[in-house]
Amino acid sequence: RQRICHVADTSMKILNTLLVATMSCSLPFSGASYLGGRYGSSSSSSSKFLLSGSSSGVRSTHMRASSLLSRRKFIRLASVGLVGGGSASPLNAKSRVQAAEQGKEGAAAVIPISLGGPPLPSAPLGHRYGNIAAPVRIDVYLDFTCPFSKKMFLTLHDKLLPYLKEHHPNRVLITEFNQIQPWHPASSLLHEAALSAEKLGGIEAYSKYSMALFQNQAKFMDDALYDKSRKQIYEELAQLAGTVGIDRTSMISLLTVKELDKPYEERKEHNGGNEMTGLLKLYIKQSRKAGLHVSPTVYVNGIEDGGVSSGFTLEQWLEHLKPLLE
C-alpha cells in the first residue's frame with residue numbers, strides 16, 4: 001500500500017508540473033472549454049480525471065488533497081480560452097483565477113499588447129454575462145447591423161439571461177463577441193462605438209449601449225447612412241451613447257481618427273484608425289481564425305451549435321439547453 005501511495009504521489013507531482021507547463025502554452029478553445037466545463041465543474045470529477053489509473057483507495061486518499069489545486073488550474077485553463085486558440089498570459093492569470101473563484105461577471109479591460117510578434121489581447125476577448133467558472137459556456141457572435149443578431153440579442157437579454165440568473169445561477173456563462181460584417185460598411189463603426197462604451201464604463205455600459213444600438217438599428221442600416229460621412233455617423237453614435245449615460249465627448253475622442261490635429265505632411269501614419277481600431281482587429285482576427293462568416297453564430301462548450309435559431313423564443317432556448325441544465 002505504501003508503494004502504491006508513493007507511485008500515485010509521484011504521478012500527481014508529474015501531472016501538476018504538466019498542468020503548469022500547459023498554462024503557459026497555447027491551448028485550443030474547445031479543449032479549454034472541455035476541461036473547464038466537464039472536469040472543472042466539480043472537484044471530484046477533476047480528481048478522478050487526474051487519477052483515473054489508480055486504485056479506488058489511493059484515489060480517494062489523494063482526491064481531497066488535490067481537489068482545490070486541480071479546480072484552480074482547470075478554471076485557469078478554461079478562463080483563457082478563445083475560439084481559434086488562446087494564450088495563458090502571465091499578465092492576467094492571477095486576476096482571472098481570482099475572478100473565476102469569486103464568480104464575477106464581465107471581463108477585464110482588454111487592450112492590444114505585443115509580446116514580440118503581432119498584437120495580442122491583454123485578456124480574453126468577449127463580453128461575459130454570468131459566472132465565469134460556470135460549467136456550461138455559450139459563445140454568441142453578433143453584428144449590430146444584422147436583424148437576426150438583433151432578434152437573438154433581445155431574447156437573450158430580455159428573457160434568457162434573467163431566467164438563468166433566477167433558476168440556474170452559476171450554471172451558464174454567456175459570452176458575446178463582436179462579429180463585424182464588412183458588406184455593411186457601418187458595421188465596423190458601430191462595433192468601434194460599442195467597444196469604446198465598454199472601455200469607458202465596463203460591461204454594464206457595453207450592455208446598455210448594445211441594447212440601444214439594436215433598438216435603434218434602423219437608423220444605422222445601409223440605406224439610412226448612404227449619404228452620411230464617417231464623422232457624421234460617429235457623432236450620431238456618440239449622441240446615442242449619451243442617452244444611456246455614457247459621456248458623448250469621451251466617446252468621440254476614442255472614435256476620432258488619430259493625428260487629425262496635425263498638418264497632413266506631419267502625420268506619421270495616414271491610415272492608423274482610431275483608439276479602438278487595434279481591439280476591433282483582434283475581434284476580426286479571432287472570427288477569421290475560427291472560420292466564422294454569418295451572424296449570429298453560437299458555440300456551446302467550444303463547438304458550433306447549428307441547431308440554434310435567431311428566432312428562438314425563451315421556451316425554445318430552454319428546451320434546446322435542457323440536457324445542459326438538468
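The values are calculated or read from the model by the stated rules, or taken from the named source; none is laboratory data. Just so it is clear, the structure is predicted and the values come from calculations on it, not from any experiment. Using ideal geometry, Cβ is built from the backbone for each residue, glycine included, and neighbour counts are taken over all protein chains shown. Please note that ligands, DNA and RNA were not included when accessible areas were found on the heavy atoms of the full protein model with its side chains. Shrake-Rupley method; radii C 1.70, N 1.55, O 1.52, S 1.80 Å.
List of remarks:
- Phi angles across segment 246-259 convert, under the Karplus curve 6.51 cos²θ - 1.76 cosθ + 1.60 with θ = phi - 60°, into 3J(HN,Hα) values of 9, 5, 5, 4, 5, 5, 4, 4, 6, 8, 6, 4, 5, 6 Hz, Gly and Pro given as x.
- Summing charges over neighbours of Arg267, with a neighbour being any other residue whose Cβ is under 13 Å away from its Cβ, gives -2 when K and R count +1 and D and E count -1.
- Averaged over its residues, segment 232-271 has an accessible area of 68 Å² per residue, based on protein heavy atoms and a 1.4 Å probe.
- Relative packing of peptides 236-249, 154-167 - highest average C-beta neighbours within 10 Å first: 236-249, 154-167
- Rounded if a/c under 1.5, otherwise prolate or oblate - segment 121-193, Cα gyration tensor axes: oblate
- Heavy-atom accessible area ranking, 1.4 Å probe, most first, across Arg137, Arg230: Arg230, Arg137
- Label-to-label distance, nm, for residues given as Gln316 and Ser114 (7 Å Cα→Cβ offset): 4.7 nm
- Cross-link reach is defined here as a Cα-Cα straight distance under 18 Å, omitting same-chain residues fewer than 8 places apart; for Lys219 the aspartates and glutamates meeting it are Asp143, Glu192, Asp227, Glu235, Glu236.
- Of Lys285/Lys322; Lys159/Lys289; Lys150/Lys231; Lys262/Lys289; Lys159/Lys285; Lys228/Lys289, those spanning more than 29 Å from alpha-carbon to alpha-carbon: Lys285/Lys322; Lys159/Lys289; Lys262/Lys289; Lys159/Lys285; Lys228/Lys289
- Shape call, segment 149-277: gyration tensor on alpha carbons, a/c limit 1.5: prolate
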